[in-house]
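The values are calculated or read from the model by the stated rules, or taken from the named source; none is laboratory data. Everything numeric in this text was worked out from a predicted model, so none of it was measured. All Cβ positions, even for glycine, are placed from backbone atoms using ideal geometry, and neighbour counts span all protein chains on display.
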Amino acid sequence: MPNGRLGETSGNRIPTMRASRRDFLKSVPGLTLAGIAVTRPELILHNGKIRTMDRRLPLAEAVAISGGRFLAVGDNEDVLRLATASTKKINLAGATVVPGFIDAHTHPVYSGIRHLRWVDCDLRTISAIQDAIRAKAQRTPPGEWVIGFKYDDTKTSERRKLTRKDLDEAVPDHPVFIEHRGGHTAYVNSAAFAAAGITKTTPDPPGGRFDRGPAGQLTGGIAETANKPFWKLIPTDYTRDEYRQGAKLISEMMTRTGITSVTDAEGTPDFLRAYQDARDAGEMLFRVYCFLVYDSLDEMIAAGIRTRLGDNRVRVGAIKLVCDGSISERTARLSEPYVGQPDYYGILVTDEDELYEQARQAHYADWQIGTHANGDVAIDITLRVYERLRREHPRKDTRFRLEHCTVINDSLVERIRALHAIVNPFSTYVYYHGEKMVHYGEERLNHMFAVRSFLDAGIVVTETSDYPPGPFEPMMALQSSVTRTDSNGKLWGPKQRITIEEALRVATVNGAYASYEEDIKGSIEPGKLADLVVLGKDPVEVDPFEIINIPIERTMVNGRWVFEA
């Protein structure tokens, strides 16, 4: 095991050096890391297997922590010599430690609020969903909305979509809106259609669809922009305190699984304030890089706000744009039709001209841009927009992002590489949504969630859940990426399998880069933020099909345990 290492301050970066034990110890008094004067460690974790994600010292036995940052990383003997009488020491007894996991595309406050206020419809029969919303209706004043989320048509025993009739039978007297887990489609009852003024003769809106029966009758399903008339009616009068509670709740849920940083991929000013309120109250356990929806861009520009404003707990992220639909709901815009639907190619939510105008406004105002693009048609459009912006208004270190970037081909990969863009594909979808993959076909799956292709091309690719659409547990994401096998043992897209070592780097170092924070987190090295996870087993050594069962023993953020099993 190499000798311990200490960092020395140099601007914003903290280079490291190897030293003899004598020089190492002599260098300790008065040591300064990242602008914080540190003399002795507050905590030392030792006798562990620390997978640092630092290529210069990939494995270590011990780490010293002070002031919320890593002070030293190395072997037991060298690091323990730094201890004083006041230093707390924890013997890891051989446990594996990795950097805190970074979920680079998820929806935390959006999810937290729903867990607080909506009906969780992640149930396994339609009758169970009917019972749940019926019970909610009984507690809801007459005429007010009954709202559910996390419904998934392929997870119920009936394996069919909810219908208007199903919802009318359960709740005839309240408008009902049940959001699909994927977030792009929903299911409503007759009272909801009436409240929104939608009838059989209402045409489908551009970029949206009302599901219809053989005679054109409304069957209850609504997709993409067809949601908008309902969102205008659904009450979103959450209090500032409820937003804060949502941030608190979801941070507790996610840190239990080892997640220490998240990117909120579709935030609003209310969400941003919720994170700040929860942080100030000492209730927010993870770090947040918060995107803002395009509708808030004018307000942000007028206030002089742009990407990267904030601190290492809450930071303003990219502007979020949307090009097409959903993979789990089968609305992503493809160049080849869906399997079994020869005339159906998905939905383009925003055309190229409109997407360019939105992106141009953000780009010229010095914002990072993250565009939702699932299908290869949408990815092609998004890349043309990014390429045009680069020609017309070159900027340094734009880090254009492609959110999801699911269905690719070799030409798209080369264009992404040339742009130095960052891709953020779903990491738990193969494992969790395997039954939906039949709609795309086995051959197309070799070009979906294409982490192997991205890594081979030298493209920065991250780990993401998109929760609620996908589960957020990092162990599921690791297993899904390494095995490309769903929960029933079916193999999907074996050409895109990656190694566990690669998957760990994708879930840590790469996530930090995607938010311009590679200098302060993502790996365990001196001077970086003390975010880490203690695992019950080493994911590198277990059977790849057992990774999902590895327990999370502890999660640390900023040098403080935020979860202990």
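Test Val533 against the criterion of being farther than 27 Å from Asn488 by Cα and surrounded by 19 or more Cβ atoms within 10 Å (Cβ to Cβ), and give yes or no. Here the answer is yes, as Val533 does meet what is asked.
For first residues located in the stretch 421-445 and surrounded by fewer than 24 Cβ atoms within 10 Å (Cβ to Cβ), partners that are at pLDDT 95 or above and among the acidic types (Asp, Glu) and lie 6+ apart or on another chain with Cβ distances below 6 Å form the pairs Gly434/Asp486.
Let's see how each residue does on (1) free of Cβ contacts under 8 Å to residues at least 24 places away in the same chain; (2) under 28 Å from His180 (Cβ atoms):
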site	(1), (2)
Phe291	no, yes
Asp298	yes, no
Arg306	no, no
Gly310	yes, no
Glu354	yes, yes
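Which residue is surrounded by the most Cβ atoms within 10 Å (Cβ to Cβ), if the candidates are limited to the stretch 446-480 and must be assigned to a helix (DSSP H, G or I) and touching a strand residue (DSSP E or B) at 6+ places or on another chain (Cβ under 7 Å)?
It comes out as Pro474.
Could you tell me how many of the residues in the stretch 254-288 are without any contact (Cβ under 8 Å) to a residue 24 or more places away in the chain and not in a loop (DSSP other than H, G, I, E, B)? Number satisfying all stated conditions: 1. Do we have Glu299 as part of a helix (DSSP H, G or I), closer than 21 Å to Arg360 by Cβ and charged (D, E, K, R) here? So Glu299 fits the description; yes. The set of residues in the stretch 210-237 being surrounded by 17 or more Cβ atoms within 10 Å (Cβ to Cβ) and either acidic (Asp, Glu) or touching a Pro at 6+ places or on another chain (Cβ under 7 Å) (or both) consists of Asp211, Glu224, Thr225, Ala226. The helices (runs of 4 or more DSSP H) located wholly in the stretch 100-198 that include 3 or more residues which are farther than 30 Å from Arg240 by Cβ occupy 126-138, 164-170, 190-196.
Checking each residue in the stretch 140-170 for being aliphatic (A, V, I, L, M) and touching a residue at least 40 places away in the same chain (Cβ under 8 Å) picks out Ile147, Leu162, Leu167, Ala170. Apart from one condition, Arg240 fits all of (1) within 21 Å of the chain's Cα centre (by Cα); (2) surrounded by fewer than 18 Cβ atoms within 10 Å (Cβ to Cβ); the exception is (1). Condition test on Gly559, is it in contact (Cβ under 8 Å) with a residue 12 or more places away in the chain and surrounded by fewer than 21 Cβ atoms within 10 Å (Cβ to Cβ)? Yes, satisfied.
Checked against the criterion of being outside any helix (DSSP H, G or I), out of contact with any helix residue (DSSP H, G or I) (no Cβ under 8 Å at 6 or more places or on another chain) and either of a type in the set (A, V, I, L, M) or at pLDDT 95 or above (or both), the stretch 389-396 contains one or more residues that satisfy it.
Residues are listed down the side, and each one gets a yes or a no for (1) under 27 Å from Ala278 (Cβ atoms); (2) aromatic (Phe, Trp, Tyr):
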position: His107; (1), (2): yes, no
position: Ile113; (1), (2): yes, no
position: Trp118; (1), (2): yes, yes
position: Ile129; (1), (2): no, no
position: Arg134; (1), (2): no, no
position: Thr140; (1), (2): no, no
position: Glu144; (1), (2): no, no
position: Phe149; (1), (2): yes, yes
position: Asp152; (1), (2): no, no
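Just to verify a result, which residue in the stretch 360-388, among those that are assigned to a helix (DSSP H, G or I) and in contact with a Phe, Trp or Tyr (Cβ under 7 Å, 6 or more places away or on another chain), is surrounded by the most Cβ atoms within 10 Å (Cβ to Cβ)? Only one residue fits best here, namely Val385.
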